[in-house]
Structures are given as C-alpha cells and as structure tokens.
Amino acid sequence: MKPESKNLSRVLVGAQLAGLAYLALTGPLVATRGPWWILEGAAVGLGVWAVAVVKPRHLRIMPEPGSSAPLAHSGPYRLVRHPMYTAVILGSLALVLHHPGPARWAAWALLSVVLMLKLRHEERLLRRHFPAYAEYSARTWRLIPWVY
C-alpha cells in the first residue's frame, strides 16, 4: 500500500474522531427527549448489528481491509455497503438534534463530509482487495437503502 494512502487514512480517521469528540464534549451522549432517542437507538442498533456480522476481531477504524477479513454481505450489508457509517451519521445527527447549536451543526456537517471522503477512499481499497466488490457494490446501496 502506498504511503500516501495510509496518510490519507490517518487524516480521515483523525478528523472523524475529532468530530465525534467535539459532539461528545459539547452535549449529552444520550438523546433523552423528543423522537431523537429513537433515532439514536436505531443508529446504535444498526451499528451493533453491523459489528456482529463482521465479527469484532475483523473490526477496524482504518479504512484498509484486514488481510484475513472476509467481504461482509449478510445482515445489514445485504442492503448497504457501509452500515457503520450510516450508524455514525444517524447517531450523531440525533445528538445534534437533541442539543442543537450552530457549532454542533457545523461539526456534524464536517463529520458527514469526512465520513463520505473516508467511505470513497475505503471503497477504492476494497475494490483492489476483493475481486467480488464491484459486483457487490452494483447490487447494494452505499448508505441508505433505495436512496443512496
């Protein structure tokens, strides 16, 4: 793997963690009013389901696929290629909606952009690593079933 690819991965993961840390430090971690707790609960459920399917031993925050990791295509991966990204975006959105503010909205928007960049970088790496990824990506949605 090229050093620039690893550097890009580090920058994207660092930006992702910074965005999540900002949201965690500027508001509650659990949405307790309105419908936002339902959205946050659904995001947590989706994330747990996705982790259970890929198995925790194959879980990585870096976008590079592990050498022994299989291509996940069951559970939530039947519909979307990146259910963990979906879970992070929806869960963090619930936190911003529960405790809104201009800086928190900006952090969420930047986090979403970073996750989209990371997702595209990861897909390039997955295409190289898994010969079947092109076919898999042709029949699944990227983040939101029937939308994107």
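The values are calculated or read from the model by the stated rules, or taken from the named source; none is laboratory data. All values derive from a computational prediction rather than experimental measurement. Neighbour counts are summed over all protein chains in view; Cβ atoms, including those assigned to glycine, are modelled from backbone coordinates with ideal geometry. Heavy atoms of the whole protein, side chains included, go into the accessibility calculation; ligands, DNA and RNA do not. Shrake-Rupley method; radii C 1.70, N 1.55, O 1.52, S 1.80 Å.
The conditions of being aromatic (Phe, Trp, Tyr) and within 25 Å of Glu4 (Cβ to Cβ) are not met by Tyr77. Scanning segment 128-148 for residues that are outside any loop (DSSP other than H, G, I, E, B) and touching a helix residue (DSSP H, G or I) at 6+ places or on another chain (Cβ under 8 Å), which turns out surrounded by the most Cβ atoms within 10 Å (Cβ to Cβ)? My answer is Tyr133.
Here Gly75 passes the criteria (1) farther than 18 Å from Phe130 by Cβ; (2) open to solvent by less than 20 Å² (accessible area, probe 1.4 Å) except the one numbered (1). Scanning segment 60-70 turns up at least one residue that is at pLDDT below 95, under 16 Å from the mean Cα position of the chain (by Cα) and of a type in the set (A, V, I, L, M).
Ser67 passes every criterion in (1) under 13 Å from Lys118 (Cβ atoms); (2) open to solvent by 60 Å² or more (accessible area, probe 1.4 Å) apart from (1). Checked against (1) more than 21 Å from Leu17 (Cβ to Cβ); (2) open to solvent by 80 Å² or more (accessible area, probe 1.4 Å), Arg60 meets all criteria but (1). Just the residues that are free of Cβ contacts under 8 Å to residues at least 24 places away in the same chain, open to solvent by less than 60 Å² (accessible area, probe 1.4 Å) and over 18 Å from Leu97 (Cβ atoms), please, taken from segment 19-51. Answer for segment 19-51, where residues must be free of Cβ contacts under 8 Å to residues at least 24 places away in the same chain, open to solvent by less than 60 Å² (accessible area, probe 1.4 Å) and over 18 Å from Leu97 (Cβ atoms): just Ala21. Residues of segment 121-148 being more than 23 Å from Gly75 (Cβ to Cβ) and free of Cβ contacts under 8 Å to residues at least 12 places away in the same chain, which ones? Arg124, Arg128, listed by residue number. Hey, among the residues in segment 1-26 that are outside any helix (DSSP H, G or I) and modelled with pLDDT under 95, which one's farthest from Ser74 (Cα to Cα)? Among residues in segment 1-26 that are outside any helix (DSSP H, G or I) and modelled with pLDDT under 95, the one farthest from Ser74 (Cα to Cα) is Lys2. Pro76 meets each of the listed conditions (1) within 16 Å of Leu143 (Cβ to Cβ); (2) in contact (Cβ under 8 Å) with a residue 40 or more places away in the chain; (3) in a helix (DSSP H, G or I) apart from (2).
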